[in-house]
Amino acid sequence: MLVPKSVWICPHLADESSAAYSRTVTLCTTLAENARSHSPTDTETGSEDTSKMMHNGSSIKLLTGNSHPELAQMVAQKLGIPLTECTVKKFSDNETSVQIGESVREEDVFILQTGFNPSPFPFGAKARHYGHEGAIDQKRPGTPLPPLAKHNDLESRPTSPSKPSPLPLNDPNDLLMELLIMISACKTASARRITAVIPCFPYARMDRKDKSRSPITAKLVANMLQIAGCDHVITMDLHASQIQGFFEVPVDNLWTEPSMVRWVKENIPDWKNAIIVSPDAGGAKRATNLADRLDCDFALINRNRAKGDGPDAEGKMELLVGDVRNKIAILIDDMADTGSTIKTATQTLADNGAKEVYALVSHGLLSGESLQELSKMPLTKVVVTNTVSQAEHLKQANGKLEIMDVSPVLAESIRRTHNGESISLLFR
């Protein structure tokens, strides 16, 4: 069965206002579900697979690895298609193997793999299979599954004299390697086009040579993706938009800004009394864009980063430009890793009389004990997207963490890319 284009195209996308765009995601999903519920059955149409969306003779094949299967499943549901059968294995020496379980010849392949996953992978797992039934773990025969004392702490993993402890299976380097292998596997299987959907781009912060002998690793990642056979990249809120220039293939850098606008209007009653704050000069453009959409004031914290790489090398806030007294301060940043930037900025805003402080972050890596530290700060909410899995973080958040779902935006970008439609409206 062919899903008509008109079913998925939302007329509100033609409206450039942020309020209209904010309704796009829900309306597109609802229209698609209604269309499927009133569509002819396989028997009536003679079709073998009613879930296929076809364009130019090819259908969407959506694959995923170990980085964020929950997000991939949500995207698949919104597209009305199943995940393509795929098994990701770890050999005993920790090398990665990928087996695609169905044909992708002349198909339009999308591989969703984000760059970071804080959730622990089951110890002793031989493989994880993805497909129509979701994720299924396959265990090594006879291998016990001892509990992990601490995530990503190799010393805490149970060891034996005869078998050393394996490396963390959700290491960012492993996830990148999974993506490269999946791309290569689809390329050699004669896929018509391969699009890497990378919600959180790995090594994005290493985008320039900021000191002697520093590598530009983001460029290296771009090269590897293209050598593997990637034809197109879809990502979200790159740390530096210039990373798109590292590629010779098309790159669509989607924005989380419309989702943030919608969240602010729906969850902060007095949002018109808010002031949008950038925690450093590098994020000023991002914050001013949001301030313009909301018609709110803007403030900037001039941040002087201390020299060094140790734990004491945290940035020092020097100057707050803007009046936050008795206002709701909304911090905007693209990434929260250790949380030190948000932590220091929150204290600066509180010291300058802010009534409430919210932190809106595109990519919530929240490594180590950062979430526990942030929960002690005078923050009303820390709001992140699900470009990175937040399942483990929600367990530690004490009610201060809230998630913005970006799966509808990713699904719509995949649908439009597949049908050869413009995605420029998704940037408004």
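Based on this model, can you work out whether V361 counts as buried (at least 22 other Cβ atoms within 10 Å of the Cβ) and under 25 Å from G80 (Cβ atoms)?
no
Against the list (1) touching a residue at least 60 places away in the same chain (Cβ under 8 Å); (2) not in a loop (DSSP other than H, G, I, E, B), the condition T87 fails is (1). The set of residues in the range 333-347 that are part of a loop (DSSP other than H, G, I, E, B) and either under 20 Å from V264 (Cα atoms) or β-branched (V, I, T) (or both) contains only T338. Given the condition in contact with a Gly (Cβ under 9 Å, 6 or more places away or on another chain), of a type outside the set (G, A, S), more than 21 Å from S389 (Cβ to Cβ) and not in a loop (DSSP other than H, G, I, E, B), answer yes or no: does some residue in the range 190-206 qualify? Among the residues of the range 190-206, at least one is in contact with a Gly (Cβ under 9 Å, 6 or more places away or on another chain), of a type outside the set (G, A, S), more than 21 Å from S389 (Cβ to Cβ) and not in a loop (DSSP other than H, G, I, E, B), which makes the answer yes. Residue count for the range 200-220 under the criterion of being out of contact with any Leu (no Cβ under 7 Å at 6 or more places or on another chain) and touching a residue at least 40 places away in the same chain (Cβ under 8 Å): the result is 3.
State which residue is surrounded by the most Cβ atoms within 10 Å (Cβ to Cβ) when the search covers only the range 378-399 and only residues that are at pLDDT 90 or above and not polar (S, T, N, Q). If you could, list the steps in order and put the result at the bottom.
Looking only at the range 378-399, we keep the residues that are at pLDDT 90 or above, and these are 378-390.
Within this subset, residues satisfying the condition of being not polar (S, T, N, Q) are 378-379, 381-384, 388.
Values: P378: 12, L379: 20, K381: 19, V382: 27, V383: 22, V384: 25, V388: 24.
Filtering first and then ranking leaves V382.
Could you please find all residues in the range 234-270 being part of a loop (DSSP other than H, G, I, E, B), acidic (D, E) and surrounded by 15 or more Cβ atoms within 10 Å (Cβ to Cβ)? Answer for the range 234-270, where residues must be part of a loop (DSSP other than H, G, I, E, B), acidic (D, E) and surrounded by 15 or more Cβ atoms within 10 Å (Cβ to Cβ): just D237. Inside the range 238-253, can you point out the residues that are in contact with a strand residue (DSSP E or B) (Cβ under 7 Å, 6 or more places away or on another chain) and either hydrophobic (A, V, I, L, M, F, W, C) or at positive phi (or both)? The answer is L238, F247, V249, V251.
The values are calculated or read from the model by the stated rules, or taken from the named source; none is laboratory data. Not measured: the values here are computed from a predicted model. Using ideal geometry, Cβ is built from the backbone for each residue, glycine included, and neighbour counts are taken over all protein chains shown.
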